[in-house]
Structure formats: C-alpha cells, structure tokens
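Okay, so here's the structure we're looking at.
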Amino acid sequence: MSYRKLINKKFQKNWLKILKYNSNVELGDKFKFVEEKIRIPLTPIEVNPYLLYYLFEILYPKFINSQQNILDIIISDDGKRVIKSYLYKTKKAGIHESIEIFPHDIIKVHKKDYEDIEKFYNRILEGLIKKKGERVSSIRVFKEEAINLINQHCVGIEDLPFDALLVKFIDLVQKLVEQDLFIIYPEPRIFLFIKDVVSFLNGYHLSSLFKIIYPLLPEFNISIVFGSKKLQFILHLQKKFVSKSETPYLRLKLMVPNEIGIKIDELDENEILDLVRDRLQTDNAYYINQSDIISFLTDLINLSVNIKKENLMLIMQKFLFGFRSFEKHWFLRPKPVSYNNLGRFFLRLFGFNINLRKFSHWAIPDLISNIFDSLFGLNSKILVILSDTERCKKINPNNYNYLEKIIDYALLFEIENKTLVKIQSIPKENLITNEDIKSLESIRNKLSEKYGFLSSIIIIDKLLLQNFIKLFIFDHYKYALLAKIKTLKMLKKQKFFYIFPESPIYKLIQKRSAISLLKLSMPIFIDKHEF
Amino acid sequence: MNDHSDLKNIEVAIVKGDTPKETFLKGIEILGGISKFIEEGDQVFIKFNLCFPTGFPTNTNFDILDSLITSCKKAGARKVYLGSFPFKGISIDTISKFLNLKEYFSNLGAEIVFLDNSDFFKKKKLKGDQLNEIRNKSFSTVTINEKEYLFPKIIIDSDKFIIINQVNVNPVFKLNLSLLNSYSMVSPKYQDIGSYENLDNRYISNDQYKQDLISNILNVFAIKQPKLVINDFFYLLERAGPYVYRDSNLKKTGVIVLGNNALSVDLITLKILNIDTQNYDLILEANQRGLGNIDFQKINLLGEKIEDINLTINLCEMKLENINLKNIKVNSGQLCSGCYKQAYHLLNFMKTYMTKDLKYNPNNAFLIGNSPLEPERFKNILLFGDCAIKSTKNSNFRKLEKMSKKNTSKKKSTKKKHKSGSQKKEKIKIIANKNILELPGCPPDILNCFELLLQYYGKKNLPNLHFFENLLELVVKPKEKEKLRVMGVI
C-alpha cells in the first residue's frame, strides 16, 4: 500500500504544508502574517501557520513528549507486519518539520510487540542507532484500522459545525483507545488519562455526555484571549441559533490579535479585551494567562479518573481560587457589576455581603463534600435523572405516566469510599419496565434489585439547569438579581428539582425562602475580611 | 424472658467474599442455612444500626439487610420486623421519612417498627394520657440487677431475634460490637448513665462511667439474646467513627463474621482485627455473667481461618489532644470515658463541619477532665464537663487583672510590675474573665454544646454551625421532643 493511498489526501496535503512551514521557521522567529492558512490536523479549523507552530511548541512538550525525534509506525491489524514507518526529525520537541519514510526491513514487528511496547521501543532504538545512527524519543504505533478510522473521520469535516465535529472527534478517540488501535511510548500522562476515562465509562460514549451537556448551554458569543509574553492568541466561540426550529451550531475560530488588526504592544489586559470585543463583536471577552490554563490542565490530567473526593476538592478549590482572583489571574470585559463597590454597598444594606474577591474557595468544597458524605454515605449509588418538563407542559404531574414522559436521561453514579468509581447510563426502558413502575419508590426498588441498594434519586430539570448555567456561569458578570432569585426559587419546586428520599438538605431548601437560604449560606460562601 | 442461647453449641462462621451480599449468603450457608435459625410461622425481629438519617456506614448496609429479610421470608417467617432506637432526640419517624424506610422495607415484605411510637406523633388531638396509654401498650418494664428498663414488647414477643451489626471504630470500646448494637434496643433515656452529683477522684480513676455503662449494656443484652448475630465489617469505618467524620476512612476487608452467640461473634471479630481480647472489659464482664463463651476451644469455627485473615485497622484517636483542630488547643486532665466520648464526638464534629468557624475564631483552649493544665494566653477558654468546670474554679485563668491607668491592657498576675519611687502606683483591679464558656454536664450533651457555642461566639462568627443548626432543626424537631419525653424515650 503506497503512502498516498494510506492517508486521506486532504489530511496529507495539509500535514505536508505544516511540515514545510515548520521547517522554515528558525529558532527565535516571531509571528509573521501570511495569507495562506493551514488547518489544525483532524479539524477544519484554519489558523495562521505560526499559531499552530506555537501551539505545538508549548503544548507538545508539556503534555506528550519533551524530547526530539518521533517515529510513527503503521502495522497490520494482526500486528505481524509493518506497513509503513515514518521518522520525524525535530529540532524542537513536538515541532514536526521533516518526514522520512523508512524501508520495510529496518523495523521488524512481532505480534507480542504490541503487548510489550517498552521492549519494542528499546529494540527499535537499538536498531536505529546501529543502522542509521539516529535516536528517537517517542514511537507512535497505529494499527491499519486506526488509519481507516482517521481517514473516515476526515471525510467531509470541512462542512461540519464545530459541535458535530467535536462529537465525531471524541468518538474517534474513544474507538482508537477502546479497540487498542493506537499506542504511544513513552506513554504520556494525557494518554493514560484518556485511557482511564474510556475504561471508566465502561462502554458509555463520551460523546453522549457531550450531547447531554451541549443543549444545556445558552446561546453565547464570547472571546477568550490567552495571554503570554511570547504570543497571545484569541479563541472566538459562538453558539448560535439559526432559527428556533433548527438545532444551534457551535463555531470556533483561533487567531492572533494581529489578524484582527490589534497591536497589543503597550496595551493592558482591559484595553486588549475592549478592542477584541469590539472587533469580534462578542458579548464579552475574557483574558486568561496561558500558563494558568496549562497548570490547571496538568493538574486535571494528573488526577486519578476514579475521582477521589480529595482530588475533586483540590480541583474545585483551584478553580474557585482562580475565579476569585479577578484582575489578577483573569480579566473580563464588560467588568462584572458584582465588583462595583456602590452596588455591593447597597446589597450589604439589605444583609447580603457579596464580594467575589473573597469567594471562599476553601470552605465551599469543604461544605459540599461534608454534607454529601454525611447524607449519602461513603458508599452510595445515586441515580441522577435529567427531566424535560417543558416537553410535557400539558401533562398533569399526577398523571400515571408523567414520570415516563419527562425522563430524558438517567445516569447511575456509584461511589465507594468517597471515590466515584463508576458512571453508567440507564436506558429509560430499564427504569420504567412495566405499568406498575410509575413512582420513584418503585424505580428505586426495581433498580436496587439489579444494581444494589440505591441511596437516592435526584431529578433535575433541563430548564433549571439551562437557567442556572446561563445566569450563574455565562452571565455571572450581570446583576440580574430577579432572574437569579427566580432560578434559585426553581430549586424549591419539585417539578424542577427533587431528591428522593427527601433528605434534610432538600427539606431545608424547600422550607426556606430563596433569600433566607442566601442569607444562611452567604457567610459560608464569602469570607470575612479578617484574614 | 431471659432467652439464653445454647452455650454448648456455639458456632461462628468467618466469611470472605467479593460483595457484601454474596459474602453474607455464603456465611448463612456455612452455618447450615437460614432454616436453622428461622422456622415456618416465626415472628422475627431484626435489630440493625439506625443512628441518623444518613447513609452507610453510619447505618447498616442495606444490601445485607435486604438479603437477610429475603432469607427470613424464604424460610417461612410469618412476620419480619426491624427496629432500633436512634440518636437521642431524633424520632424513628423522622429517620424513616428521610430515608423512606417504611416503604422500602414494606416492599421487601418486612415492617419497620416505630419503637418510640413516633408514628403516632402526627395524629391530631393526641393528648398526654393517650400517649401514656400507647407507651404502656408497647413497652414492658423489665428489672435487671435492680435497674428498671422500658423494653419494647415487640422484641420480647418475637420468636426469633437477630442482630445485624455494622462494625465501625468506637472511641470507648475500640469497635462497635454487636453487644453495643443491642444496647439501642432500649431508648436513649435508659441508655443514659446519669449524672453524678459528688464527683470524686475515685469515680474518674476507676472510670466508673465505663463500668456503669458496661453493666447497663449487659443488662439490656440479657433481656433478649439473639439467635443469629452478624458482624458486618466487609466495609469498616476506621480512624474516626462510628459516624462519618473528616478523618474517617472506609476500609474494605471483605469479611463478615456471623454466628449464634453474640459474645463469641464479637470475640472472633476482635481477634480477626488484632485487638487484645484478654483485657477487653466488655467481653470479660459478659463472660462473667455467663452470656457467652470466650474459650476458643469451645467455639466451633467455620469458614475461613482466623490466621488467614490478618487485618489491622486504625482505631479512634485515644488522646483528644491528637485530634488536631485548627485554632484549638486541647488540655486534658484526668477524665472518664463519658466525657472523653462526648468530647471526641464534639471535636470531630468541629473538625469536620466547622472549618470556617475554627478559622474565624483563633486562640481557643479546650479544657476537659479533672484539673487540666492551665491555658496560657488564650482568647477563649472552653470548659467541657462538670469536672473541668469544678476543678478549675480557683484557677488563675478565671481572673484577670485590670489596671486603672489609662491605656493599660489586661495583664496576668505573673506579669505584675511595681513601679518604683516617685512614680504613681497603678491601681490593679481583679475582674472575672468573661471569655470562658462552660459546657456543663456529666458528660455534656452535644446538642446543648452547640447551642452554648452559638450563644457565646455569635452566629456571625460561626457560619458553619449556624447552617448546621438549621439543618439539625429538621432532624431533631423541637415539637417532637416533648412527645418523646412522654413516651419515655428521652
């Protein structure tokens, strides 16, 4: 099989362009504006070639391999023969700039090599040094089927909106890992993390999780400036409804400020954001340091996928600490009104001390985790049902098949010794198997027979989640007090939020008014000034 | 009434498995099947752990409970009842509603018994006399060793009595054994050891509280002994327990011990977990009373061998000073098990649920026991228990010296300064130190301690405790307290 036949033409053409560009970049070169753009491999996203060069330069050593020279090997599905092998010589780790096709006889492969990749790598390394005097720091082994899947993925991706592309890409990665079609040695932490995620999901499609989350996101149009001393770049992300009847599409663009006519020299973060917001016509613009994002992602992938409470708390603490570090670690335009001192003063007169700079990053995860442990126990099985009551507005909640109609998705979370050990999707047919099963009580009994004692069932309505995500995440910078209180009030309605059996915390939410709940929890959520 | 089990044929099975349910069923099979314990038409009462409306492992593992109920029904049990008295002040009805127990057990063909009659509390127009009548109908007065107990009639009347016990670490007895589990067959009122008016050193040095407690536990246990005892430590809460605290860790051992004699099952459990049985006072006293057998030769051990299961666990912190709370220095004097137990729970509660409160209020000294060490330069002093309060009546920290000269601050007597000659002498006034919070009781009641802490520090300075107080009000309902009192429960 020839090289040309093996790889998707468009992918190959783009890849060669990348190599050519990379080979012309000299160490110390800075961003140059060029007319011709290149695509990020496996996506239709077109970017300035230098930006891609830069992304590889900062991300590859950090997340994949920090040494030079990479060898790609394509082997037959039975693992008995090498189909092709390519050597990428890299002056800088991760910067692929030249490709060399190896003759067949240089690398020999045995069926067992795929199982003992370290031994295989050492043998290759020895052979390469002897025969060609070359060293490689990393090998990537693709089975023939992996190439087929990559080729299939590349077909027609130019016309796909970003959300559909993401689903396709996630499915591709999951298949490659699940079917053991790709291995890399030395195994980077990120690959191990992906493998753990896939194994943790136990056959459940990661893309299905995306399909649950995506409709919950409101329409948005944001830009994020990733700041650094060397090269700043902008991510323009937009979720747009073409018409009410059609599904919304996600659009993503990556660019450097120069491309939209912004010269960032001597501009401060807020000035950059104002210009970016103006040029891209986005609702808001964020500024985040690249180093902070990389550090957060590094921490995230270093976590065990069996999510331990301590790890989850640590990540939550880091995230909340980042959130409270407004105008230190991140910037936002328009400036959030919650940082307006006059507004805060008036709110304080009514008994609300809202100071997001004093957001208690350490006490919030602590409170949540301790309440969770004591109420649900250290070992528990919790069924989370995502309902869609908007779809069944006309059905009376007392109707015998109300529950059946409103259930959209159901996920079973299994926790053992404060660690999330399993998530599985429960098909609707398994929840409501016959006519007798119409109540949460009967669902709990039925599932307890199959999966063991079910501690709780939590029902959350889509509308509540959509409002919550919109108001408290995307529009967190706006006051919108009435809308926010209205959303909190939804927590009190069984239709939108329900915990079965009704635990003390649920009763507390139900019993107290939204304002009284805020007054009770705010002193925990916001730190006093004394320390 | 004293339903002594046959001490000649004691059988204990040690089982190890992959899941709690499978392990339990294997254990029953090893003992000869459930029909060896349950006969056709029996009324069965299952005593399980039911402390708070919380999850596992504070309460029993419901997967095992489910299997036990199903097994009893299969063996032909006419009626299967379940019950236990929860933590002081909480009604069974409250727990049942929060955990939906009534419906859950009913679906399995069993019935939860509201031993405190709290299922009647919601009925309107129920007067004191009627509550008394209900109480008389549901309880029998039993006298053991000259002590009277109100004992649920339903347990006495049941043909078979089973204890299913979740083994967790315990601050006083190292482990929550089945003998301890049986104690909550009587209400918290009858579990109370009572206050001692004239505390003397002998009371503390002999740990009279623990001796009285052991005697009380065994009195209750002797009223109705179980036919089948299950010590479930497939999962065991170690380090801090028996409730879930910050330092708690759930250890998976995969082991369940079960048999026909509680004392022997407890003994084997201790042995497996490498806890010294020679000096274990509860077991020794039970043996003396003839409630079981601690002679290993006379116990027919089935299933796994003890030596094959070598388990070590982390027990509760025996020194209160080592619980390590932020901004609290603990000084213990000589103390009894009563105060130790309550302080252990209070300190662990604070460590778990009051992190922000502890950060907001620096420099606290927590004094407990008889004649604890004097605290030095602490802003707040908490005196826990009658012993600490009485024995520190004349301590230096009780008084402060205030100088009358302007701009002088509070200073202690040890730092007295006399200025010489021509300078005016400062007037020193002795005033009472108001930064002392007394938490009275022998031992103090934890819920009462929460109230006193909130009063002393103020709600603004204790946001965590204020939040939990609101949550607690839903569990320990003030309206129910009076009814529980009439019912003889608290």
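The values are calculated or read from the model by the stated rules, or taken from the named source; none is laboratory data. Just so it is clear, the model here is predicted, and its values are computed rather than measured. FYI the Cβ positions are ideal-geometry reconstructions off the backbone, even for glycines, and counts take in every protein chain you see. For the accessible areas, the whole protein counts, side chains as well, though only heavy atoms, and no ligand, DNA or RNA atoms are used. Shrake-Rupley method; radii C 1.70, N 1.55, O 1.52, S 1.80 Å.
Is it the case, given these coordinates, that residue B:52 is within 14 Å of another protein chain (Cβ to nearest Cβ), closer than 27 Å to residue B:473 by Cβ and either assigned to a loop (DSSP other than H, G, I, E, B) or polar (S, T, N, Q) (or both)? Criteria met by residue B:52.
Selection over the stretch B:62-95 of residues that are in a loop (DSSP other than H, G, I, E, B), over 27 Å from residue B:238 (Cα atoms) and out of contact with any Gly (no Cβ under 7 Å at 6 or more places or on another chain) gives a count of 3.
For residue B:115, the stated conditions do not hold, so it cannot be described as under 17 Å from residue B:482 (Cβ atoms) and assigned to a loop (DSSP other than H, G, I, E, B). A residue that is more than 14 Å from every other protein chain (Cβ to nearest Cβ), among the β-branched types (Val, Ile, Thr), in contact with a helix residue (DSSP H, G or I) (Cβ under 9 Å, 6 or more places away or on another chain) and more than 28 Å from residue B:350 (Cβ to Cβ) occurs somewhere in the stretch A:331-346. Residue pairs whose Cβ atoms lie under 7 Å apart, sitting 6 or more positions apart in sequence or on different chains, and linking a residue in the stretch A:372-396 that is within 14 Å of chain B (Cβ to nearest Cβ) and part of a strand (DSSP E or B) to a partner that is charged (D, E, K, R) and open to solvent by 30 Å² or more (accessible area, probe 1.4 Å), are A:379/A:416; A:381/A:414. Of everything listed in (1) in contact (Cβ under 8 Å) with a residue 60 or more places away in the chain; (2) under 19 Å from residue A:373 (Cα atoms); (3) open to solvent by 60 Å² or more (accessible area, probe 1.4 Å), the single unmet condition for residue A:507 is (1). Restricting attention to the stretch B:358-384, the residues being open to solvent by less than 70 Å² (accessible area, probe 1.4 Å) and away from chain A (no Cβ under 13 Å) number 15. Considering the stretch B:459-474, the residues that are over 25 Å from the mean Cα position of the chain (by Cα) and open to solvent by 10 Å² or more (accessible area, probe 1.4 Å) include one that is nearest to the other protein chains (Cβ to nearest Cβ), namely B:460.
When we screen B:452, B:437, B:484, B:447 for residues that are closer than 25 Å to residue B:394 by Cα, assigned to a helix (DSSP H, G or I) and more than 14 Å from every other protein chain (Cβ to nearest Cβ), the only hit is B:452. Total residues in the stretch B:59-85 satisfying the condition of being within 14 Å of chain A (Cβ to nearest Cβ) and open to solvent by less than 10 Å² (accessible area, probe 1.4 Å): the figure is 7.
Here residue A:463 passes the criteria (1) more than 9 Å from chain B (Cβ to nearest Cβ); (2) open to solvent by less than 40 Å² (accessible area, probe 1.4 Å); (3) modelled with pLDDT of 90 or more except the one numbered (2).
Is it the case that some residue within the stretch A:304-311 is open to solvent by 90 Å² or more (accessible area, probe 1.4 Å) and over 30 Å from residue A:481 (Cβ atoms)? Lay out the reasoning, then the answer.
Within the stretch A:304-311, the subset open to solvent by 90 Å² or more (accessible area, probe 1.4 Å) is A:308, A:310.
Checking the rest, the ones that are also over 30 Å from residue A:481 (Cβ atoms) come to A:308, A:310.
Yes: the stretch A:304-311 contains one or more residues that are open to solvent by 90 Å² or more (accessible area, probe 1.4 Å) and over 30 Å from residue A:481 (Cβ atoms).
Looking only at the stretch B:282-290, decide whether some residue is away from chain A (no Cβ under 14 Å), within 23 Å of the chain's Cα centre (by Cα) and not in a helix (DSSP H, G or I). No, the stretch B:282-290 has no match at all.
Any residue at all in the stretch B:246-266 that is open to solvent by less than 70 Å² (accessible area, probe 1.4 Å), free of Cβ contacts under 8 Å to residues at least 40 places away in the same chain, in the same structural domain as residue B:369 (by TED's automatic domain parsing) and closer than 30 Å to residue B:383 by Cβ? No; the residues of the stretch B:246-266 include none that is open to solvent by less than 70 Å² (accessible area, probe 1.4 Å), free of Cβ contacts under 8 Å to residues at least 40 places away in the same chain, in the same structural domain as residue B:369 (by TED's automatic domain parsing) and closer than 30 Å to residue B:383 by Cβ. Within the stretch A:350-360, one or more residues are more than 30 Å from residue B:240 (Cα to Cα), away from chain B (no Cβ under 14 Å) and open to solvent by 50 Å² or more (accessible area, probe 1.4 Å). Across the stretch B:44-93, the qualifying residues are those that are within 20 Å of residue A:444 (Cα to Cα) and polar (S, T, N, Q), and the one among them that is nearest to the chain's Cα centre (by Cα) is B:59. I'd like to know if the stretch A:389-406 contains one or more residues that are of a type outside the set (A, V, I, L, M, F, W, C) and at pLDDT 90 or above. There is no residue in the stretch A:389-406 that is of a type outside the set (A, V, I, L, M, F, W, C) and at pLDDT 90 or above.
Could you please find all residues in the stretch A:420-431 being open to solvent by less than 20 Å² (accessible area, probe 1.4 Å) and at pLDDT below 90?
Passing the criteria: only A:431.
The sole residue among B:59, B:168 that is within 30 Å of residue A:371 (Cα to Cα) and part of a strand (DSSP E or B) is B:168. Quick check on my filter: what residues within the stretch A:227-271 are without any contact (Cβ under 8 Å) to a residue 12 or more places away in the chain and either under 27 Å from residue A:57 (Cβ atoms) or open to solvent by less than 90 Å² (accessible area, probe 1.4 Å) (or both)? A:229, A:243, A:263, A:265, A:266, A:267, A:268, A:271, listed by residue number.
Listed by position, the strands (runs of 3 or more DSSP E) contained in the stretch A:14-103 that have at least 1 residues being open to solvent by 30 Å² or more (accessible area, probe 1.4 Å) are A:82-89, A:98-101.
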